[in-house]
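> Please read through the structure below; I'll follow up with questions.
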Amino acid sequence: MLGGDENKVKRRRRMDFSGENMGCRKRLKGSPETFGECDFFDALPDDLVLCILCKLSSTAACPADFINFLITCKRFNGLGLHSIVLSKACPKMIAVKAKKWSESAHRFLKLCADSGSVEACYTLGMIRFYCLRNRGSGASLMAKAAISSYAPALYSLAVIQFNGSGGSKNDKDLRAGVALCARAAFMGHIDAIRELGHCLQDGYGVKQNITEGRRFLVQANARELATVLATAAPSALNSGSWLTWNPLLHHRHVAVTRCPLLSDFGCNVPAPESHPANWFLSDWFSGCEGIPAPGLRLCSHSGCGRPETRRHEFRRCSVCGAVNYCSRACQALDWKLRHKVECAAAERWLDDGGEIEANGIDVNGNAEEAMES
């Protein structure tokens, strides 16, 4: 009897090491014989996996980070396309490159937009409005993001209203543009704050108030500096290099990695990072040799990428006539970034139709005053 009991214990121990528990060990080592006998991922509840995927979609550095996770297994692929996960998509996760644009990329962005992602609504709206020339659908998607108080969408709709983009010159609505710009500025959008400051200074769509306009311009610069200080590495701040600016960089015609926007205050801060949607527009039209359509021009600010939707839509520099901008914010940024050292007064310049087009600033005025006022 004792021998029998001893044999039973030995068999039980043998089963413990060769049964389910041992199968788990072999599963972790990737043994094909015991694959599927014990899967820790299957034991995780869907809610926990969705929470992890939401965190990934909101912090991904590029689309590949998310796609590589989806192809890990069938379960991750199914849960990764859940509306909750896609609604948390960050700008970099949906930053599709123009050279790799395809119908599948379009469907993925639309799926994210339908799931409630304001980033996808804005990005796809910009692509449809400017690149695919589907004005109604693009504006509708941007409006959907704007309703959710997404500041870039509010500002882009303001630019559309200021220019009457997608329509005729009579379709401009300056008051609506100022209202949208003010809403985006209230949410801290730097370009919107700067645009609103210029509108107040010029009395463009709103009653002129130079003092209040100056205050908004200073606030835009202060917010930009605060953003740099919050994101810059401590070593860069301790070196003190951001407090100096070398204007000779512009004369050497090299790629400028610093933006002298705050040079008035003695600061040399990195150029503000453009939204992935703007980079998509820039890459899309650079592939078409920089021409959106015959007779149409791109905004001269390198970080914008917006094209004209009709002839003479953008305002042109009234001094040299060589550059044009979709907004006063882009004009101010490009002026201090590069155009300040390139602008040269011309006696008279004509467009293709022989019509002189000014941008609302005195053509005979001083170049610097014209661009900075």
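The values are calculated or read from the model by the stated rules, or taken from the named source; none is laboratory data. This one's a predicted model, so the numbers in the text were calculated from it and none came from an experiment. Note: ideal-geometry Cβ built from the backbone for every residue, glycine included; neighbour counts use all protein chains shown. Ligands, DNA and RNA are excluded from the accessible area calculation, which covers all protein heavy atoms including side chains. Shrake-Rupley method; radii C 1.70, N 1.55, O 1.52, S 1.80 Å.
> Let's test the formula: R0 of 56 Å, r as the Cβ-Cβ distance of residue 92 and residue 43. What FRET efficiency results, to the nearest 0.05?
Once the sixth-power term is evaluated, E becomes 0.95.
> Another one. Give, as a single signed number, the net charge of other residues whose beta carbon lies under 15 Å from the beta carbon of residue 212, with Lys and Arg counted +1 and Asp and Glu -1.
+2
> Continuing with this model, one more query. Quick one: order 285, 186 from most to least accessible surface, probe 1.4 Å.
In descending accessible area the options line up as 186, 285.
> Using 7 Å Cα-to-Cβ label points, what is the residue 99/residue 62 separation (nm, one decimal)?
Those two pseudo-labels are separated by 1.2 nm.
> Under a 1.4 angstrom probe, counting protein chains only, how are 214, 175 ranked by accessible area, largest first?
The most accessible residue leads, giving 175, 214.
> Of the listed peptides 143-153, 60-70, what is their order by residue-averaged count of other C-beta atoms within 10 Å, with the highest listed first?
143-153, 60-70
> Then there's this: What accessible surface, in Å², does a 1.4 Å probe find on residue 225, ignoring ligands, DNA and RNA and rounding to the nearest 10?
Rounded to the nearest 10, that gives 40 Å².
> What does the stretch 95-232 give for Rg and for Dmax, in Å, if only its C-alpha atoms count?
Calculated on Cα positions, Rg and Dmax stand at 16.4, 51 Å.
> In terms of solvent-accessible area of protein heavy atoms at a 1.4 angstrom probe, what is the ranking of 50, 44, highest value first?
The ordering from most to least exposed comes out as 44, 50.
> Which whole-Hz ³J(HN,Hα) couplings does the stretch 207-222 yield from phi under the Karplus relation 6.51 cos²θ - 1.76 cosθ + 1.60, θ = phi - 60°, glycine and proline marked x?
Taking θ as phi minus 60°, the curve returns 4, 5, 8, 4, 4, 5, x, 4, 4, 5, 5, 5, 5, 4, 5, 5 Hz for the stretch 207-222.
> Roll a 1.4 Å probe over the protein chains and send me the accessible area per residue for the stretch 71-202 in Å².
Ligands and nucleic acids excluded, the result is 43 Å² per residue.
> Please find the FRET efficiency linking residue 114 to residue 170, where r is the Cβ-Cβ separation and R0 is fixed at 45 Å, and quote it to the nearest 0.05.
Result of the calculation: an efficiency of 0.85.
> For residue 296 and residue 341, calculate 0.36 nm times their separation in residues minus their Cα-Cα distance, and state this gained length in nm to one decimal.
Full extension of this stretch gives 13.7 nm more.
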